[in-house]
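Read through the structure below, which is laid out as structure tokens, and then see the notes.
The values are calculated or read from the model by the stated rules, or taken from the named source; none is laboratory data. The shown structure was predicted, so the numbers you read here are calculated from the model rather than taken from an experiment. With ideal geometry, Cβ positions are generated from the backbone for all residues, glycine too; neighbour counts draw on all protein chains shown. When the accessible area is computed, the model is the full protein with side chains, heavy atoms only, and any ligands, DNA or RNA have been set aside. Shrake-Rupley method; radii C 1.70, N 1.55, O 1.52, S 1.80 Å.
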Amino acid sequence: RGAAPTILVIFGASGDLTARKLIPALFNLGLDSLLPSDFHLIGFGRKPIEDEAFRKIARESIEEFSRRPMDEELWGDIEPGIHYHSGGYDEAEVYRSLEKKIKGIESSAGREMQLVFYISTPPTVFEPIIENLGASGLSTHLVDGKPGAKVIIEKPFGRDLESARRLNQVIGRNFDESQVYRIDHYLGKETVQNLLVARFANAIFEPIWNREFVDCVQITVAESVGVGSRGGYYDESGALRDMIQNHTMQLLSLIAMEPPVSLDPESIRDEKVKVLKGIQPLALDPADKADVVRARYTEGLMSGKQVPGYLQEKNIPGDSSTETYAAMRLMINNWRWKGVPFYLRSGKRLARRVSEIAIQFKRPPGILFSESKKYDVAHNTLVIQVQPDEGMTLLTNSKVPGLETRTQPVKMHFRYAATFGSNTPEAYERLILDAMIGDSTLFIRGDETEASWKLMTPVLESWKSLGQHGLGAYAAGSWGPAEAERLLGMHGHEWRQTG
Ligand code: BG6
């Protein structure tokens, strides 16, 4: 899996993501001998920083955030290839000098090199960066006469359908879709990549993966952290934009999609888009069985410590109506799923950090072991634990040993840590490597992001017009608002206890 000689330019180089994830990911690729033989990193940022100082920052970020310790020999190899370029993201001149720097690296390497532009800035400057990459000619950089530039775009990809469309148009004017890698880091997680393998490398699941057998699907992406120091960003975003529209919908499309005809990126992404397009518009009237619930956390106890409510967090305006929790019921109008609800929920300051997908199967006909005091019969449920304690659990019913026939639900477990050990690559390692190699399977296509926004934008508009009306509350440390329980209760279901 070797990538061609590469110059990676990170826009937003002095940001949090670069230090916490991107640089450690590059270092770990190096440890696995997966960095291109000739590799240069150019950090691009507004702040003027000398190359030397940026190298020091890079080293510190590896020391602090890498999953494996510093390796002096590797660092010695990488360090001279680290550079910094400062200037405004919208200044044409800065891109001309960037090009000069790139040409200089190429000429001392004695070869043309592929360019990977990683845009990890606040979204307000996505468009000027992309336009400038186009105007400067960097987006049409050639290697051996072939297209040799790629662009990786971090989230958030737009804030509604219109802005996502506009961003796609700006990208489309400057890059060919085959050069574009829209990131959703959930797709880089091992357990998420395993969804396709679990579904399609096994013969036993697919025959029951449909409305005949499945009662409902529940996707939970719960976080125990609050908004912390990200209040300014978060209040403009909220749980729906921050987690549901992207990460949770990605999980849903991988779970619900039809088998692709092959593993090539377009076949897989075609099927994901089809699922998104098949989802019915959501019922939004709070007075009439709405399919959506939103709430924000109030103060509460977490691991024995009192934590503040959302409105007391830093940089949150007193009249905020931003949700820190969202839950919804989605119905997919296709042959496989007609009538099967997909319940999604995600929130901050929930009781525990856990992301899981639960496929709850229908109960057996209650003829022999119908639910009673003697027979505790649970829904068979396949639980895919995305994180932490990654794995899969199948819930079945068993006879309790003894002279009398009683039943009890039991669990069959597969755990990554026990089977494969725990040193799994981080999402960003896989994603950066794939982008350098040119494999776009784990990235979002333009039409995919629009299909997801198309579904979510009416929800956002409805919430905006309702303001605080209908915004529920839940205590920090709980499992969310009572409205979310009612959402499932209305349809004869209940949230399963995670884990
Ligand atoms: C990010 C969100 O995309 O995902 C954050 O902006 C969230 O608010 C994070 O905390 C969760 O990612 P992970 O990998 O920790 O589940």
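List every residue whose amide H lies under 5 Å from the amide H of residue 84, counting only residues 5 or more places away in sequence or on a different chain, with H placed 1.01 Å from N in the peptide plane.
Under 5 Å from the amide H of residue 84: 43, 51.
Report the full-extension gain for the segment residue 258 to residue 74: residue separation times 0.36 nm, less the Cα-Cα distance, to one decimal in nm.
61.9 nm
Using a 1.4 angstrom probe, figure out how much accessible area segment 175-271 has per residue, in square angstrom, rounded to the nearest whole.
34
Give the cross-link partners of residue 150 among the aspartates and glutamates, using a straight C-alpha distance below 16 Å as the criterion and excluding same-chain residues fewer than 8 apart.
Excluding near neighbours in sequence, the set is 99, 112, 127, 131, 176, 177, 434, 439.
Whole number in Å², please: accessible area per residue of segment 27-162, 1.4 Å probe, ligands, DNA and RNA not counted.
Here the residues of segment 27-162 average 47 Å² of exposed surface.
At 1.4 Å probe size, with the rest of the protein present, what percent of the exposed accessible area of the chain is carbon and sulfur atoms?
Of the solvent-accessible surface of the chain, carbon and sulfur hold 53 percent.
Explain nothing, just compute: Karplus ³J(HN,Hα) = 6.51 cos²θ - 1.76 cosθ + 1.60, θ = phi - 60°, for every residue of segment 239-244 in order, whole Hz, x for Gly and Pro.
3J(HN,Hα) across segment 239-244, in whole Hz: 4, 5, 6, 6, 10, 6.
Tell me the mean residue ellipticity at 222 nm calculated for the chain from its helices only (DSSP H runs of n ≥ 4, each -39500 (n - 2.57), averaged over every residue, nearest 500).
-9500 deg cm²/dmol
With the cut-off at 1.5 for a/c, could you classify segment 1-44 from its C-alpha gyration tensor as rounded, prolate or oblate?
oblate
For segment 315-396, restrict the atom set to alpha-carbon positions and state the Rg and Dmax in Å.
For segment 315-396, the Cα-based Rg and Dmax read 17.9, 59 Å.
Evaluate E = 1/(1 + (r/R0)^6) for residue 233 and residue 461, where r is the Cβ-Cβ distance and R0 equals 22 Å; express this FRET efficiency to the nearest 0.05.
0.60
Give the relative contact order (percent, whole number) for the chain; include only Cα pairs under 8 Å separated by 6+ residues.
Computed value for the chain: 17 percent relative contact order.
How big is the accessible area of residue 140 in square angstrom, nearest 10, if you roll a 1.4 angstrom probe over the protein chains?
100
Send over the semi-axes of the chain's equivalent ellipsoid, whole angstrom and largest first, taken as the square roots of 5 times the C-alpha gyration tensor eigenvalues.
They are 42, 26, 23 Å, listed from largest to smallest.
What does the charge dipole of the chain about its Cα centre add up to, to the nearest 20 debye, if the Cβ of each Lys and Arg holds +1 and the Cβ of each Asp and Glu holds -1?
Computed charge dipole of the chain: roughly 1540 debye.
From the square roots a ≥ b ≥ c of the eigenvalues of the alpha-carbon gyration tensor of segment 145-225, which class results: rounded (a/c under 1.5), prolate (a/b over b/c), or oblate?
Prolate, since a/c reaches 1.5 and a/b exceeds b/c.
Please list the three semi-axes, largest first and in whole Å, of the ellipsoid equivalent to segment 284-356, using sqrt of 5 times the eigenvalues of its alpha carbon gyration tensor.
Equivalent ellipsoid semi-axes, largest first: 31, 17, 9 Å.
Restricting to bridges with both residues inside segment 298-432, how much of the DSSP beta-bridge set is antiparallel, in percent to the nearest 5?
Antiparallel bridges: around 95 percent, rounded to the nearest 5.
I need to check one value: relative contact order of segment 86-185, counting alpha carbon pairs closer than 8 Å and at least 6 residues apart, in percent.
Taking the mean separation of contacting Cα pairs over the length of segment 86-185, I get 29 percent.
Near the amide H of residue 296, under 5 Å away, which other amide H atoms are found, from residues 5 or more places off or on another chain, if H is placed in the peptide plane?
Those lying under 5 Å, H to H, from residue 296 are 324, 472, 473, 474.
Could you tally the net charge around residue 79, taking each other residue with its Cβ under 13 Å from the Cβ of residue 79, Lys/Arg +1 and Asp/Glu -1?
Residues close to residue 79 contribute a combined charge of -4.
If you roll a 1.4 Å probe over the heavy atoms of the protein chains, what accessible area per residue do you get for segment 309-376, in Å²?
47
Return the FRET efficiency for the residue pair residue 363, residue 165: r is the Cβ-Cβ distance, R0 is 41 Å, and the value is rounded to the nearest 0.05.
Efficiency for this residue pair is about 0.40.
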